[in-house]
Amino acid sequence: MPTAVSGTTNSIAIRIENLSRHYRMGDALIRAVDGISMQIASGEFVALLGTSGSGKSSLLNLIAGLDHPTSGTVVVKENDLAKFSREELAKYRLHTVGMVFQSFNLIPSMTLLENVELPLRFAEVDRGKRESLARQALDRVGLTPRLRHRPTELSGGEQQRASLARALINKPQFLLADEPTGNLDSQTGTEIMNFIREFNQTLGMTIIMVTHERALAERYASCMIFLADGKLVGDQPNVISATAGQTRGGGL
């Protein structure tokens, strides 16, 4: 039976069944994700924990539609990603998921406003509307005074706030964050995590965050999933929630 991350069956947002991603490196077979099954309920803040090489980022990339599984399925809102065409996957990444990376992934030659507008350009939103929405997104993360600056003129925390604004611009159902505080000092990392938790609590956005820091997950996430060697670790309960003995994040 798949691991269910809180919620009830009629609120399941993501269903993962017997998911594997294997690839060869020379003569070695790498089992990056190896037979994972679990379910994630709408509105959860899930932390994927494990050491380097445990499969956390590989699993996140499969949920994001950035990689294809060797076997098994990722079903999002009853849509099997494996059955999507390249164009459908592009639309899924544009409208359904927002992504935040450790390395920010901002385009150096563009201003913050232009960086945040970029998904709306791909969505063919007219110029006036996309600038208005980008300004609103930057204001939400406190960057209105910096919207004409380029990424190289900003601190790491400001760049990550800009990447959060860009991830939110199309009002996605899911925010996928891969080590979002990995390149930040502890104070700036706390600011970023408070923003992410706000999106979860005020917008009802489902968050899936990769981290190797258990203390960070315990403070912010509602559920924790542990991975090692591409597998779920140990006998995790069928329902992972605060009532099943998992750690639930504290208040603001």
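Rule-based calculations on the coordinates, nothing more; no lab input. Computed from a prediction, not measured in an experiment: that's the story for all the values here. When we count neighbours, we look across all protein chains shown, and the Cβ atoms used for this are built from the backbone with ideal geometry, even at glycine.
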Rounded to whole Hz and in sequence order, give me ³J(HN,Hα) for the range 119-127 from the Karplus expression 6.51 cos²θ - 1.76 cosθ + 1.60, θ = phi - 60°, writing x for Gly and Pro. x, 6, 5, 4, 7, 6, 7, 5, 4
Over all Cα pairs of the chain, how is the pair count split among 5 Å bins, expressed in % and running from 0 up to the last occupied bin? 1, 6, 13, 18, 19, 16, 13, 8, 4, 1, 0
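I need the per residue convex hull volume for the range 39-104, using only the alpha carbons, in cubic angstrom as a whole number. Don't skip to the answer; put the middle values down first.
Working: hull volume 8.0 nm³, N = 66.
Per residue, the Cα convex hull of the range 39-104 comes to 121 Å³.
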Electrostatic dipole magnitude of the chain [Cβ: Lys, Arg +1; Asp, Glu -1; Cα centre; debye, to 20]: 440
Taking the 0 to 90 degree range and rounding to the nearest ten, how far is the long axis of helix 156-168 tilted relative to the main principal axis of the chain, both from C-alpha atoms? 80
Please list, ordered by chain and number, the residues whose modelled amide H lies under 5 Å from the amide H of ALA13; skip anything fewer than 5 residues away on the same chain. ILE40, ALA41, SER42
Points 7 angstrom from Cα along the Cβ direction at ASP139 and ARG219: gap in nanometres? 3.0
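Summarise the long-distance tail of P(r) for the range 39-152 by giving the % of C-alpha pairs beyond 21 Å.
Working: 3272 of 6441 pairs.
Within the range 39-152, distances greater than 21 Å cover 51 percent of Cα pairs.
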Checked against the positive end of the charge dipole of the chain (+1 on Cβ of Lys and Arg, -1 on Cβ of Asp and Glu, about the Cα centre), the farthest of LEU164, ASN18, THR111 is THR111
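Taking only DSSP H segments of four or more residues, each worth -39500 (n - 2.57), what value at 222 nm results for the chain once the sum is divided by all its residues, to the nearest 500 deg cm²/dmol? Intermediate values should be presented prior to the final figure.
Values: 7 runs with 82 residues, N = 252.
Taken over the chain, the calculation gives -10000 deg cm²/dmol.
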Please work out the Cα center distance from the range 114-128 to the range 215-232, rounded to the nearest Å. 34
To the nearest 20 debye, what is the magnitude of the charge dipole of the range 1-122 about its Cα centre, counting +1 on the Cβ of each Lys and Arg and -1 on the Cβ of each Asp and Glu? 100
Fewest Cβ neighbours within 10 Å first, please rank TYR92, TYR220 accordingly. TYR92, TYR220
Gain in length, SER109 to ALA82, computed as 0.36 nm per residue apart minus the alpha-carbon separation, to one decimal in nm? 6.2 nm
